[in-house]
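Readers should treat all values here as calculations from the given coordinates under stated rules, not as data from a laboratory. Keep in mind the model is a prediction, meaning the values are calculated, not measured. Methodologically, a virtual Cβ is constructed for each residue, glycine included, from the backbone with ideal geometry; neighbour enumeration extends over all protein chains shown.
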Amino acid sequence: MDANLHTLLESHAPADPSAPCLVLPGAPAIDYATLAATSARIAHALVAAGCAPGDRVAVQVDKHWQVLPLYLAALRAGLVYLPLNTAYRKGELDYFFEDARPRVIVCAPERLGVVATLARGATVLTLDAKGGELMDRARAMPATFATIPRAPDDLASILYTSGTTGRSKGAMLTHRNLASNAVALVDAWGFTRGDVLLHALPIYHIHGLFVAVHCALLSGSRLLWLPRFDAREVLAHLPHATVMMGVPTFYTRLLAEPGLDRAACANVRLFVAGSAPLLPETFRAFEARTGHRILERYGMTETGMNASNPLDGARVPGTVGLPLPGVAIRVVDEAGVACAPGAIGEIQIRGPNVCRGYWRKEDKTAEAFTADGWFRSGDLGTFDDRGYLAIVGRGKDMIISGGLNVYPKEIEERIDAMDGVEESAVVGAPDADFGEAVVAFVVARPGHRLTEAGMIAALRADIAGYKCPRRVLFVAELPRNAMGKVQKNVLRERLAAPAAG
Ligand code: MCA
Ligand code: AMP
């Protein structure tokens, strides 16, 4: 049987093809028939550009509605969809294109100049609000396309996730991975045809692209498609939504809006949070204002969603709930032995949602799995007596800023390469808006000419803005333990202390 995810999604489209799929503020809605015809045309255009099954299609574009049929077109044509954060700059893009060797790159017209210099023979097509070169080519194509059958373990997507060693790794997600997770979530969160999902997330991560989009398409429901998260805009559209998904920053920003109250949320049946820890005080403040208990869940790029608080039943703040059906989660000590309830260990995952490994990085793939086949999350957690999982920390050196992961090593390597820098350490400082903010401690060489502003500006020229330190603090030395390892906890404590900075 064909395991192409597109075949599954298509089989759940509403019987009435004129049913709306994408509701666009200020523009006519896109119905399911238009979505299917557009994805067929784009699939033909990609094939005509030389794409064969298994080829990668890299996409770095703003959130135009055409991105959804572009993603579906890649699935239909058996291609591997590679979404890229629009914040990525030249330094990052160069690495991704070298590693993934896409056949086609779709980018914004204003990035064409830079992307073309990095393309390594790929066809570069533009996509903007009006359509661009991609849609110009697609328009001339037939409105039907015979979906290329795929096996369950064939790749559907590669999503890059930074690594603790500083180099990004492409998580290889298969049709089985994405389909199994989508089916589990629609069921767990009770999606039906009548739902309207307010979509204000970016569409280059698991959260906005797979979790949100698949829940809507697999239930034949609607997406209220907003170009980005703006708290006032979201509040204005909430009365027309039944579900919203967001990172914790969405919720803290909504709480800062005086208009957030029970009336604004009267039509909403479910608020979902994930990608970063939702503070229990945010959970409680949101409940007090709206009557809604936010459903927190836990996922990763490599696994999709793993655990979720229940739709019906107790949603416990400070926990990510219970393993999703079909997903096995264990918490183990350093010897790999399962921990008793209440004890802290590494969270490990097994199931049809877990990726095949990292693109062309066999060594990293081998390191990521235990001998008995469990994926090592690098997160520290504990189960309570009822089987609820709480994430209590990270074994991996990672910062989560506004739901976006920053790996300190990547930033430290760039800082250390600057003239006048002896060494550096990058840590996350508590931040009311982003949860954590990136801060760099720098030991400079005698006679250096470094300044905080100059260093931040130099970094911003090459890497995404959200990864750049908000602050650079010059220090005489970095605290180290007896083994010579930098004690980042000591640096974090300095930042948390009232006199920090
Ligand atoms: C933007 N900026 C940030 C962030 N976002 N800085 C730190 N952390 C951030 N997250 C900076 C930009 O560089 C820019 O600075 C300035 O803020 C304004 O940019 P803008 O895009 O207008 O910001 P914003 O609209 O206020 O964005 C904040 C945001 C956004 C709404 C929280 O970051 C967001 O949508 N985050 C969600 C990310 C997400 O989907 N994560 C899921 C991945 P300047 O102009 O100076 O450069 S994790 C995942 O998928 C797993 C599997 C899971 O479990 O879900
Ligand atoms: P990413 O690889 O970008 O998908 O990020 C995955 C990481 O985000 C996980 O390994 C966790 O550290 C973190 N994460 C995701 N959801 C949650 C959550 N609900 N609470 C705490 N951390 C989370």
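Pairs of alpha-carbon atoms within less than 8 angstrom and 6+ residues apart define the contacts here; what relative contact order does the stretch 32-100 have, in percent? Walk me through the numbers before you get to the answer.
Numbers: 64 pairs, mean separation 25.6, N = 69.
Across the stretch 32-100, relative contact order equals 37 percent.
Would you grab the residues whose amide H sits under 5 Å from the one on GLY435? Only those 5+ places off in sequence or on another chain, please, with H modelled 1.01 Å from N.
Correct list: GLY402.
Hey, with R₀ at 45 Å, roughly what FRET efficiency would ARG269 and ALA129 work out to, going by the Cβ-Cβ distance, to 0.05?
Working: r = 32 Å, r/R0 = 0.71.
With R0 = 45 Å, the Cβ-Cβ based efficiency is 0.90.
Under a plain spin-label model, where a point goes 7 Å from the Cα along Cα-to-Cβ, how far apart in nm are GLU452 and ALA140?
Distance between the two pseudo-spin positions: 5.6 nm.
Please report the antiparallel percentage of DSSP beta bridges with both residues in the chain, rounded to the nearest 5.
Values: 46 of 77 bridges.
So the antiparallel bridges in the chain amount to around 60 percent.
Between rounded, prolate and oblate, where does the stretch 112-177 land on the alpha carbon gyration tensor, with a ≥ b ≥ c its root eigenvalues, rounded for a/c under 1.5, else prolate if a/b exceeds b/c?
Working: a/c = 2.75, a/b = 1.19, b/c = 2.32.
Note, shape of the stretch 112-177 comes out oblate.
Given points 7 Å out from each Cα along the Cα-Cβ axis, report the THR165 to MET1 separation in nanometres with one decimal.
According to this spin-label approximation, the distance is 3.9 nm.
Can you tell me the relative contact order of the stretch 370-468? Whole percent, Cα pairs under 8 Å, sequence separation 6 or more. Before the final figure, lay out each step's value.
Details: 133 pairs, mean separation 19.5, N = 99.
Relative contact order comes out at 20 percent.
Over the Cα atoms of the stretch 133-228, each weighted equally, I'd like the Debye log10 I(q)/I(0) at q = 0.14, 0.18 Å⁻¹, rounded to two decimals.
-0.73, -1.08
What list of ³J(HN,Hα) couplings, whole Hz, do you get for the stretch 457-471 from phi and the Karplus terms 6.51, -1.76, 1.60, once you set θ to phi - 60° and write x for glycine and proline?
Going residue by residue, I get 5, 5, 5, 5, 5, 10, 10, 4, x, 5, 8, 6, x, 6, 9 Hz, with x marking Gly and Pro.
Could you work out how much longer the chain between ALA432 and ALA33 gets when fully extended? Use 0.36 nm per residue separation minus the Cα distance between them, nm to one decimal.
Between ALA432 and ALA33, full extension yields an extra 139.3 nm.
What percentage of all Cα-Cα pairs in the stretch 274-384 are separated by more than 20 Å?
Values: 2767 of 6105 pairs.
Of all Cα-Cα distances in the stretch 274-384, 45 percent exceed 20 Å.
Using R₀ = 60 Å, calculate the FRET efficiency as 1/(1 + (r/R₀)^6) where r is the Cβ-Cβ separation of PHE474 and ALA15; round to 0.05.
On the way: r = 65 Å, r/R0 = 1.08.
After rounding, the FRET efficiency stands at 0.40.
Contact order normalised by length for the chain, with contacts defined as Cα pairs under 8 Å and 6 or more residues apart; what percent is it? Mind dumping the intermediate values first?
Numbers: 1065 pairs, mean separation 59.2, N = 501.
Value for the chain: 12 percent.
Using the Karplus curve 6.51 cos²θ - 1.76 cosθ + 1.60 with θ = phi - 60°, what ³J(HN,Hα) values do you get for each residue of the stretch 24-29, in whole Hz, with x for Gly and Pro?
Listing the rounded values in order: 10, x, x, 8, x, 5 Hz.
For the stretch 433-501, state which GluC sites (Glu not before Pro) are in a DSSP loop and have at most 15 other beta carbons lying within 10 Å of their beta carbon. Don't skip to the answer; put the middle values down first.
Details: sites: GLU436, GLU452, GLU477, GLU493; in loops: GLU477.
Qualifying residues, ordered by number: GLU477.
Is there a pair in LYS90/LYS396; LYS130/LYS169; LYS396/LYS467; LYS63/LYS364; LYS361/LYS467; LYS63/LYS361 whose C-alpha atoms are over 28 Å apart, and which pairs would that be?
Details: LYS90/LYS396 26 Å; LYS130/LYS169 33 Å; LYS396/LYS467 17 Å; LYS63/LYS364 32 Å; LYS361/LYS467 24 Å; LYS63/LYS361 30 Å.
Over 28 Å Cα-Cα: LYS130/LYS169; LYS63/LYS364; LYS63/LYS361.
Taking H placed 1.01 Å from N in the peptide plane, check which residues at least 5 places from GLY378 or on another chain put their amide H under 5 Å from its amide H.
Excluding prolines and chain starts, which carry no amide H, the hits are ILE347.
Consider all pairwise Cα distances in the chain and report the whole-number % of them above 38 Å. Write down the numbers at each step before the final one.
Values: 31862 of 125250 pairs.
For the chain, the share of Cα pairs beyond 38 Å comes to 25 percent.
Would you calculate the separation in nanometres between label points at GLU493 and CYS339, each defined as 7 Å from the Cα along the Cα-to-beta-carbon direction?
Distance between the two pseudo-spin positions: 2.1 nm.
Pulled fully out, how much extra length does the chain show between PHE369 and ARG460, if you take 0.36 nm times their separation in residues and subtract their Cα-Cα distance? Present the calculation step by step, with values, prior to reporting the outcome.
Details: separation 91, 0.36 × 91 = 32.76 nm, distance 3.45 nm.
Contour length minus Cα-Cα distance gives 29.3 nm.
Could you put MET305, MET1, MET172, MET398 in order, starting from the residue whose Cβ has the fewest other Cβ atoms within 10 Å? Intermediate values should be presented prior to the final figure.
Working: MET305 25, MET1 7, MET172 22, MET398 19.
Placing the least packed residue first, the sequence is MET1, MET398, MET172, MET305.
Tell me, what ³J(HN,Hα) does each residue in the stretch 482-492 have, in order and in whole Hz, if you take phi through Karplus 6.51 cos²θ - 1.76 cosθ + 1.60 with θ = phi - 60° and put x for Gly and Pro?
Per residue, the Karplus-derived 3J(HN,Hα) values read 4, 7, x, 7, 5, 8, 5, 4, 5, 5, 5 Hz.
Can you show me the helix-derived [θ] at 222 nm for the chain, built from DSSP H runs with n ≥ 4 at -39,500 (n - 2.57) apiece and divided by the number of residues, rounded to the nearest 500. Show your work: numbers first, answer last.
Details: 15 runs with 140 residues, N = 501.
So the calculated ellipticity at 222 nm is -8000 deg cm²/dmol.
So which trypsin sites (Lys or Arg not before Pro) in the stretch 410-489 end up in coil per DSSP with only 10 or fewer other C-beta atoms within 10 Å?
Values: sites: ARG414, ARG449, ARG460, LYS467, ARG470, ARG471, ARG480, LYS485, LYS488; in loops: ARG449, ARG470, LYS485.
Qualifying residues, ordered by number: ARG449, LYS485.
For LEU159, list long-range residues whose amide hydrogen, built 1.01 Å from N in the peptide plane, is under 5 Å from its own amide hydrogen.
Placed amide hydrogens put ALA171, LEU173 under 5 Å from LEU159.
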